[in-house]
Every structure is written in C-alpha cells, then in structure tokens.
Amino acid sequence: MKITAIYGTSHTGSTVLLARILMQSLPQDNSSTFLEFFLPQDFSHFCSGCCACFEASEPLCQQAPAQLKPILQAIDASDVILLASPVYAYHVTGAMKSFLDHLGNRWIVHRPNSKLAHKTAVLLATAAGSGIRQTLRDMKDSVNWWGIGRVYAYGIRSMALKAAELSESRKEKMRRDMQRLARRLQPAPVEPRCGVRMRYWLSRKMGGGLTASDHAYWKTQGWMDGKSPWK
C-alpha cells in the first residue's frame, strides 16, 4: 500500500503524531511506502489568482511548479492520500488552505485525474478545543471534488496545545481509534461513490469543464463521447 501524507503544519505535534499512529497500525510489508510532506516547508506558495492553472494546457501552477509537481506525482501514485491539519481559528491552517487552493484546477468541473476514483482519502484533524468539524469540512470539500472514491474523516480534541502535554488517556484513545481505522484501510477494490459519479455526470451535462482547456481535456479523455471516467 502506497500512502502519501500531507500535513498542514511543519512541526511534529498532535496532528502528525495521530497520522503516524495510523501508519504504524497498518500491516507492514516490503511493498508498503509512506511519504510525508510538511506545509509550508514543502510547499509555501500562495495563490495569486492569475488563473494560469485553469487556462494552460497543463493544469499546474505556473509560478511554483518545482514545489507542486512532486506532491502531485506522489498523490497520483498513492493508494491512500492522507490530509491532516490542526485546527487554526476553526479551520485548516493557512498552509493547508493555500495548498488546496492550488488544486482547484483538478476539481471534476475542470481537469480531474479520474484514477483518483479508485483511491482512498483519510482526513485527520486535531484541536485543543473546538473547530474539528469545520476543519474536516475544508479538506472534505476538496477530496470530494477531486473525485476520490472513498473518504474517511476523523477528528479528536487533544485537550492540549502540544503533543508533549497529551494525557495518557488521550494517547490511548488515539491508538484505539487509529487501529480501528487501519483495519478499514486494508487493500480492497475502491469504486467511486454516488457523489463522485454525480459530479462527473453534472460536469458532462455542463459541456465538460468550465474553460476552453477544460473542454479540450474532457474531449481528449473521451468523456464527452460516452467513455466512463473510472474504467
């Protein structure tokens, strides 16, 4: 199983700890890989709203390709995409939001990678107090519109500002919950959910994307001529 983790923070706190507990709970074999990216350390560019990624033939930020390409390649090669963010002011961190902004061109209404329909997303959030639901929603909106076939979301109140301050009872709850989630992540065929199918159907009814580059992409993929995006 190939897993790519993208963290909305560059320090190893409760959020990274939670993700690593999940990874350690999965069966390990020689074919398993676990790749981590830390934001903003590994991607620090803010979207300027130039729209080049929507209009160019390749849906990629033209201002920060060197930072973005390796993350996109890892996502496309993975079986599981893990997005994890601590709660900042009731939402994802600014670094995570900036990263998600750069993948708007990969939404189903633009130029999606249809292979994501056979992948799994895991969304994790931690907070000392409230804001977990909103933070998970921020990430869920993106993975749903990327067209990922299966999505699991989990959040926990750490009741601490630092990982070193976590109580033993909190750590034990993390371990139990991540072990349960790990059992659900066993390799299995992933088929696109109804919501993913509906988004593709609606986008096709709209003419295949929103820009000329989108239309050309949909036509090239054969989706405007009846070809299924997930076969």
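Computed over the chain, the per-residue total of -39500 (n - 2.57) for DSSP H runs of n ≥ 4 gives a 222 nm mean residue ellipticity of -12000 deg cm²/dmol, rounded to 500.
Note on region 1-46 and region 162-231: Cα centroid distance 18 Å, given to the nearest whole angstrom. Under a 5 Å amide H cut-off, with hydrogens placed 1.01 Å from N, residue 5 pairs with 35, 36, 37, 82 among residues at least 5 apart or on other chains. Of the trypsin sites (Lys or Arg not before Pro) found in region 86-176, those that fall in a DSSP loop while having at most 11 other beta-carbon atoms within 10 Å are 162. Would you mind classifying region 110-231 by shape? Square roots of the alpha carbon gyration tensor eigenvalues, ordered a ≥ b ≥ c; an a/c under 1.5 is rounded, otherwise it is prolate if a/b is larger than b/c and oblate if not. Prolate.
Partner lysines whose Cα lies under 16 Å from the Cα of residue 162, excluding those fewer than 8 positions away in the same chain, are identified as 171.
Could you list the residues of region 1-42 with an amide nitrogen less than 17 Å from a label point located 7 Å from the Cα of residue 101 in the Cα-to-C-beta direction? Taking a point 7 Å out along Cα→Cβ of residue 101, the residues of region 1-42 whose backbone N falls under 17 Å are 8-9, 39-42. Surface analysis of region 1-141 yields an accessible area of 42 Å² per residue, using protein heavy atoms and a 1.4 Å probe. Pairs from the list 115/219; 2/69; 69/97; 97/227; 119/140 with a Cα-Cα gap above 26 Å: 97/227.
Counted over region 45-164, the DSSP beta bridges are approximately 5% antiparallel. Under 1.5 on a/c is rounded, so check that first for region 6-146, then, if it is not, pick prolate when a/b is larger than b/c and oblate when it is not; a ≥ b ≥ c are the square roots of the alpha carbon gyration tensor eigenvalues. The shape class here is oblate.
The magnitude of the dipole of the chain, with charges of +1 and -1 set on the Cβ of Lys/Arg and Asp/Glu and taken from the Cα centre, is near 800 debye. Rounded to the nearest 5, what % of DSSP beta bridges with both residues in the chain are antiparallel? Expressed as a percentage, antiparallel bridges in the chain total about 5. Taking 0.36 nm per residue of separation and subtracting the current Cα-Cα distance, fully stretching the chain between residue 66 and residue 188 would add 40.6 nm. Within the shell of other residues whose beta carbon sits under 11 angstrom from the beta carbon of residue 131, the net charge comes to +2, with Lys and Arg scored +1 and Asp and Glu -1. Partners of residue 205 within straight-line reach, counting aspartates and glutamates whose Cα lies under 17 Å from its Cα and excluding those fewer than 8 residues away in the same chain: 214, 225. For residue 168 and residue 137, the FRET efficiency from 1/(1 + (r/R0)^6), where r spans their Cβ atoms and R0 equals 22 Å, is about 0.15. On the chain, 54 percent of the accessible area sits on carbon and sulfur atoms, based on a 1.4 Å probe. When the charge dipole of the chain is built from unit charges on Cβ atoms (+1 for Lys and Arg, -1 for Asp and Glu) and taken about the Cα centre, the candidate among 110, 192, 64 whose Cα reaches farthest toward its positive end is 192.
The values are calculated or read from the model by the stated rules, or taken from the named source; none is laboratory data. Remember, it's a predicted structure, so these values are computed and weren't measured experimentally. Neighbour counts run over all protein chains shown; Cβ positions are idealised from the backbone, glycine included. In case anyone asks, the SASA skips ligands and DNA or RNA and just uses the protein heavy atoms, side chains included. Shrake-Rupley method; radii C 1.70, N 1.55, O 1.52, S 1.80 Å.
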